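This report concerns only the one structure given below.
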Amino acid sequence: LPVVLGEVARGRARQTEQAEERAALAEERAALAEAVQEAEALRRATEERLRIARELHDVLGHQLSLISVQSGAALHTREPDAAFAALRAVREASRDALREMRSVLGVLREPEQPGLGALPELFERTGTAGLTVHATIEPDLSPPPDVQLAAYRIVQEALTNAVRHSTASRADVVIRRSGGALSVTVADPGEPRAGSGRETAGNGLRGMAERAASLGGALEAGPIPGSGFQVSARLPLDRKGSR
């Protein structure tokens, strides 16, 4: 009888230990799951902050560059008509900046984002800053919205850099399908402005590269042999709805 009672006691002790081990394991798993969820939430929040930062940089950088150029022209011209035209361009750029800012800050409401269809308006605004855009865009392109947004922002930032850092009066934009990807090229033949630091990897070039990389694509930027600067991006189209 004592032997039997001892076995029963040891069995109960083992059961208690196993129950405690299972409880401890469950707690560890719960803690691990919570840590994974927190890490995922942090990753998503970081990606969202970077996305919003890129949007703000692209929107404000482009519009403020136009405002700076046009306000400078208004200050230095002696022609009333030219000054009036420059100030009108400043007003339009300010309105565009406010509209796009509201769009960016309203990301939680999933606002409509610019795509390839908005490029003509962008080219027109850039022309008011003294940079004429010659565009060659393959007809009937219909990439996914995220690819269109990336293409638009890359073109916008490349043109902004040309306005800021180049002496060019024209830029060439080519957008076409190439081997399952959207090819985007922006080039200008101008010499760099003195002290512009155009070839350094500032926020603009880094932001364009991040946009391309976020879609599985790539971006290259650098001087053109002889004279000028070129930005080339390749954005994959392996998404439903592209053609």
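None of the figures in this text is laboratory data; all of them are computed from the coordinates on show. Only a predicted model underlies this, so the values are computations on that prediction, with no experimental measurement involved. Backbone-built Cβ (ideal geometry, glycine too); neighbour counts: all protein chains shown.
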Along region 121-126, Karplus-curve 3J(HN,Hα) (6.51, -1.76, 1.60; θ = phi - 60°) to the nearest Hz, with x for Gly and Pro, reads 5, 4, 4, 5, 5, 5
When LEU98, LEU122, LEU131 are arranged by how many other beta-carbons sit within 10 Å of their Cβ, fewest first, they go LEU98, LEU122, LEU131
Quick calc, region 116-243, dipole around Cα centre from Cβ unit charges on Lys, Arg (+) and Asp, Glu (-), nearest 20 debye, gives 180 debye
Rounded to one decimal in nm, the spacing of the 7 Å Cα→Cβ label points at ARG176 and SER227 is 2.6 nm
The extension gain from ARG88 to GLU138, computed as 0.36 nm times the residue separation minus the Cα-Cα distance, is 14.8 nm
Label model pair GLU17, ARG44: point-to-point distance (7 angstrom along the Cα→beta-carbon line) in nm is 4.3 nm
